[in-house]
Amino acid sequence: MSLPGRSSTLRAVYPLDPEATTHDLLNGAVEWLGYARTLTEFLADLIHESDTVECGRMALSLEAIASLVQIGAHCTAQAHARMTWGRVQGD
């Protein structure tokens with residue numbers, strides 16, 4: 001189910017620095033995933049304390065968490081690709 005006027009498949013776009021090292025990318029991934037974890041914990045606390053939940057706002061919040069996780073996964077995938085490429089070039 002998607003909101004009116006919204007695509008059911010949202011994609012976060014976060015341009016990565018082409019000069020970023022593998023270490024930088026992995027640190028970035030940890031940072032983005034930390035944001036997702038913190039937001040998830042915050043929402044869980046709000047839901048536990050609330051008598052009612054606004055479904056539209058909750059859906060947007062969950063989409064935000066999904067975007068943060070997606071960016072973290074993208075950073076990790078790029079780091080892995082660069083490590084692999086470095087090994088191939090080193091051989």
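The values are calculated or read from the model by the stated rules, or taken from the named source; none is laboratory data. Given the structure is predicted, the values throughout are model-derived calculations rather than measurements. Quick note on the areas: whole protein, heavy atoms, side chains included, nothing else; ligands and nucleic acids left out. Shrake-Rupley method; radii C 1.70, N 1.55, O 1.52, S 1.80 Å.
Looking at Thr76, is it open to solvent by less than 70 Å² (accessible area, probe 1.4 Å) and of a type in the set (Ser, Thr, Tyr)? Here the answer is yes, as Thr76 does meet what is asked.
Restricting the search to region 45-82, which residues are under 30 Å from Asp24 (Cα atoms) and either in a loop (DSSP other than H, G, I, E, B) or more than 10 Å from the chain's Cα centre (by Cα) (or both)? Let's see the steps before the verdict.
Of the residues in region 45-82, the ones under 30 Å from Asp24 (Cα atoms) are 60-82.
The answer is Leu60, Ser61, Leu62, Thr76, Ala77, Gln78, Ala79, His80, Ala81, Arg82.
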